[in-house]
Amino acid sequence: MRLADLMGARVIDVTGRDIGHVSDVRLTEAAAPSRRLPGLHVAGIVIATRRRSRLLAYDHRPVDAPWPLTALARRATRHALWAPWTAVTAHRRPPRTGEPGTVTLDQTAASLTPLRDMHAHWNSGT
Amino acid sequence: MKRVLAVTLGILTAIGGFVDIGDLVASSLVGARFGFALVWVLLLGVVGICVYAEMAGRVAAVSGRPTFDIVRERLGPRVAFANLTGSFLVTLLTLAAELAGVGLALELLSSVSYLLWIPAVTFAVWVVIWRTKFETMERIFGLAGLSLIVFIVAVLHLDPRWGDMWQQVTHPQLPAGEGLPTYLYYGIALFASAMTPYEVFFFSSGGIEERWSRKDLINERVNVFLGFPLGGLLALSIMTGAALVLHPEGIAVDHLSQVALPVVVSLGKVGFAFVLLGVFAATFGAALETALSCGYTVAQYFGWTWGKTHAPRAAARFHLVVIVSLLVGSMLVLTGIDPIKVTEYSLVFAAVALPLTYLPILVVANDREYMGEAVNGRLANSLGVLYLLIILVASLAALPLMFATKAGL
Amino acid sequence: MPQHPPPRPGDERTPGRAYSARFHLLDRQIVTEDGTPLAKADDLELIPDSDGSLVVSAVLIGPTALAPRLRGRPARLLNALARRLTTGPTDHHARIAMGHIIRIGAALTATTPPVDATLHPLEDWIRDNVIAPLPGSGHAPG
């Protein structure tokens, strides 16, 4: 499969409710012995719960200037949720090119961790 | 001498931005119609392009990434594609106008119609791109373009009343018979021409062609802070000459020959010879700048190998884009459309696409993962945000004003 | 030729590092070890590991890889166009195995040799049929 099938996919929680879309995928570099395959593993997904929540790649970057842009970016991403890949029960490819796929979770939106200051704990293991 | 030659990238880039064919005509047109009432816009534009060219050049030197590369990286493929379409079309239209401009300069010299010169001019531009070293190219056309300094000499020789001029610059007044929307429309066109996106495409890509690195940052800044103000000063002197000579007589500018009038009045035939050389070099240099920028933007969006440091064989798609752009540009001119009208319109469309180019530069220039310690300081950020707002307002107002004023009639 | 600008320490792939797919990998420029631009990272290929997780196996490049990411109608247009222009099997994407990517920084550095016929069919065709026949195409202007 391809990453494009995941990015932008609709996220359905355990009750069947559409809670948002996948705005980013976190990848971690695994040490060879700990997993079967070495390399970049999908650690989990960032779920944007509001439609307008992507602002020009400012979210989860270690960027703190200039002020008006960072303030806008924080505001735009404050309702993001984090779902580890273990919480994903199924993912489906888009029905046709250019449309979003679907990701199904084994829990409700309320039980997911909110990502308030995403960029701050991006590299420290959420 | 080496020091002097090291700033030719900045000079050539600025010539393409401030005294290419569209600006030569626009500056004198604005001077002839509005006198000194729009000088402040030119100054605003000079500071703006300095701020963003410095940022784009610094990003290129430190991270090795040219402007359109980071445009796609920050905006994503979809929005960046919209920007690519807009910026490419504007650059292509400007290229067509520059080819016509070189033809017009040759027409003034030879009395042979500019249309007959177009095939030869197009071929010459291609040969320079195909065969000449990047540094040789920028030195020849950057330095020859400096003959336009004759406009500064002409203004000094006219010996205007400086106090009066200063008064008119600092207290701009609408000339009788001109409406405010028309004034603002020309203001935006002038501002957009100072900040045309192909300047940063060319400047940042040129820095990479010259293999700048972190230790070249001083050189990069000297290029910016000498080149662009010099370009702005040339445009200012053209505008001033027109305001002094053409404005009082009520002469309207619609042809290149009228651009040279103030110099002829002030300095006679010798001055005219310098104008011809300067216009030829400036338009030819701008044609190189825009033709290369067409290739740079497309190649950087798609990630192809690009640049003059590679043999054309090794950068085939890049060179094909340049060749096709030159062919399309020359055919556009050969249809007989007015090249100067073309740049005027394209400038307004450029204004609409401006924010999508400058926002990613500002974002990346603040990102330590790319820039390390060379991130923006407080001044660069304050000016960057301020200009982003100005650009945003200009881009929103550009099209409504264009329709409201019937493109400045 | 050494890579230009020189690679930064810390860009090497080390176990435990986390990356954002959107900001560290997608749409980044891929360069060869001497710094020559090779391609944009248009998409990533994922394969399942035995424990059910997904692993990035390759970087996908080229218009067919880029197409779905444009979303909506532009996606289908580019996809249709790219399919008509390719000569090989239409569901095949040009790819660079993830093992060849040795650094993840302002650009991705790949060890792939620049001569690889499956990587840039369009570049190869244009070079052989348009650019190479022109005189002087083999010399870098510098």
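Key figures
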| quantity | calculated |
| --- | --- |
| Residues that are surrounded by 13 or more Cβ atoms within 10 Å (Cβ to Cβ), more than 30 Å from C:LEU81 (Cα to Cα) and modelled with pLDDT under 90, drawn from segment A:89-112 | A:GLN107, A:ALA109, A:SER111, A:LEU112 |
| Which numbered condition B:GLU199 fails, given (1) closer than 26 Å to B:ALA316 by Cα; (2) surrounded by fewer than 18 Cβ atoms within 10 Å (Cβ to Cβ) | (2) |
| Test for C:ILE96: is it under 22 Å from A:ARG26 (Cβ atoms) and more than 9 Å from chain A (Cβ to nearest Cβ) | yes |
| C:LEU66 vs. criteria at the interface with chain A (Cβ under 8 Å from one of its Cβ atoms), surrounded by 20 or more Cβ atoms within 10 Å (Cβ to Cβ) and among the aliphatic types (A, V, I, L, M) | no |
| Residue that is surrounded by the fewest Cβ atoms within 10 Å (Cβ to Cβ), among those in segment B:334-345 that are part of a helix (DSSP H, G or I) and among the aliphatic types (A, V, I, L, M) | B:LEU334 |
| Residue count for segment B:288-310, restricted to those that are more than 12 Å from chain C (Cβ to nearest Cβ) and of a type in the set (Ser, Thr, Tyr) | 3 |
| Unmet criterion (only one of (1) in contact (Cβ under 8 Å) with a residue 40 or more places away in the chain; (2) in contact with a strand residue (DSSP E or B) (Cβ under 9 Å, 6 or more places away or on another chain)) for B:VAL46 | (2) |
| Any hit, segment C:32-40, residues being at pLDDT 85 or above, facing chain A (nearest Cβ under 7 Å) and under 23 Å from B:PHE302 (Cβ atoms) | no |
| Which numbered condition C:GLN3 fails, given (1) of a type in the set (S, T, N, Q); (2) within 24 Å of B:ALA314 (Cα to Cα); (3) modelled with pLDDT of 90 or more | (3) |
| Selection within segment B:360-382 - within 10 Å of chain A (Cβ to nearest Cβ), out of contact with any Lys or Arg (no Cβ under 8 Å at 6 or more places or on another chain) and surrounded by fewer than 20 Cβ atoms within 10 Å (Cβ to Cβ) | B:ARG368, B:GLY377, B:ARG378, B:SER382 |
| Odd one out for C:ARG71 among (1) modelled with pLDDT of 85 or more; (2) facing chain B (nearest Cβ under 8 Å) | (1) |
| Of the criteria (1) over 15 Å from the mean Cα position of the chain (by Cα); (2) at pLDDT 85 or above; (3) closer than 20 Å to A:GLY8 by Cα, which one A:LEU81 fails | (1) |
| Single match in B:ARG72, B:ARG131 (criterion: within 14 Å of chain C (Cβ to nearest Cβ), of a type outside the set (Asp, Glu) and crowded, with 24+ Cβ neighbours inside 10 Å) | B:ARG72 |
| Subset tally (residues that are surrounded by fewer than 23 Cβ atoms within 10 Å (Cβ to Cβ) and farther than 30 Å from B:THR283 by Cα) for segment B:75-94 | 4 |
| Residue in segment B:107-114 that is hydrophobic (A, V, I, L, M, F, W, C), out of contact with any strand residue (DSSP E or B) (no Cβ under 9 Å at 6 or more places or on another chain) and closer than 20 Å to B:THR290 by Cα present | no |
| Condition broken by C:GLN29, with the remaining ones in (1) in contact with a Lys or Arg (Cβ under 8 Å, 6 or more places away or on another chain); (2) within 12 Å of chain A (Cβ to nearest Cβ) satisfied | (2) |
| Single residue of segment B:39-55 satisfying the filter (in contact with an Asp or Glu (Cβ under 9 Å, 6 or more places away or on another chain) and among the hydrophobic types (A, V, I, L, M, F, W, C)) that is nearest to B:PRO172 (Cα to Cα) | B:ILE49 |
| Total residues in segment B:285-301, condition of a type in the set (Phe, Trp, Tyr) and either surrounded by fewer than 24 Cβ atoms within 10 Å (Cβ to Cβ) or on the phi > 0 side of the Ramachandran plot (or both) | 1 |
| Any hit, segment B:346-358, residues being in a helix (DSSP H, G or I) and on the phi > 0 side of the Ramachandran plot | no |
| So C:ILE30, is it within 14 Å of the chain's Cα centre (by Cα), farther than 19 Å from A:LEU37 by Cβ and of a type outside the set (Lys, Arg) | yes |
| Contacts under 9 angstrom Cβ, first residue in segment B:266-283 being free of Cβ contacts under 8 Å to residues at least 60 places away in the same chain, partner crowded, with 20+ Cβ neighbours inside 10 Å and part of a helix (DSSP H, G or I), 6 or more apart | B:VAL270/B:VAL150; B:PHE272/B:VAL150; B:PHE272/B:ALA260; B:PHE272/B:VAL263; B:ALA273/B:VAL150 |
| For B:PHE123: the one exception among (1) surrounded by fewer than 14 Cβ atoms within 10 Å (Cβ to Cβ); (2) among the aromatic types (Phe, Trp, Tyr); (3) in contact with a Pro (Cβ under 7 Å, 6 or more places away or on another chain) | (3) |
| All positions within segment B:21-65 that are among the hydroxyl-bearing types (Ser, Thr, Tyr), under 23 Å from B:ARG214 (Cα atoms) and more than 14 Å from chain C (Cβ to nearest Cβ) | B:TYR52 |
| Matching residues, segment C:1-23, being closer than 17 Å to B:PRO66 by Cα and more than 8 Å from every other protein chain (Cβ to nearest Cβ) | C:GLN3, C:PRO7 |
| Filter result for B:PRO175 (modelled with pLDDT under 90 and surrounded by fewer than 22 Cβ atoms within 10 Å (Cβ to Cβ)) | yes |
| Enumeration of residues in segment B:359-409 that are outside any helix (DSSP H, G or I) and either of a type outside the set (A, V, I, L, M, F, W, C) or over 23 Å from B:PHE349 (Cα atoms) (or both) | B:ALA365, B:ASN366, B:ASP367, B:VAL375, B:ASN376, B:GLY377, B:THR405, B:LYS406, B:GLY408 |
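To keep it simple, each residue is scored yes or no on (1) at pLDDT 85 or above; (2) within 7 Å of another protein chain (Cβ to nearest Cβ).
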| position | (1), (2) |
| --- | --- |
| C:LEU44 | yes, yes |
| C:LEU54 | yes, yes |
| C:LEU85 | no, no |
| C:ASP91 | no, no |
| C:HIS100 | yes, no |
| C:GLY105 | yes, no |
| C:VAL115 | no, no |
| C:ASP128 | yes, no |
| C:PRO133 | yes, no |
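The values are calculated or read from the model by the stated rules, or taken from the named source; none is laboratory data. Being a predicted model, the structure only gives us computed values, none of them experimental. Here the Cβ is made from the backbone with ideal geometry for all residues, glycine too, and neighbour counts use every protein chain on show.
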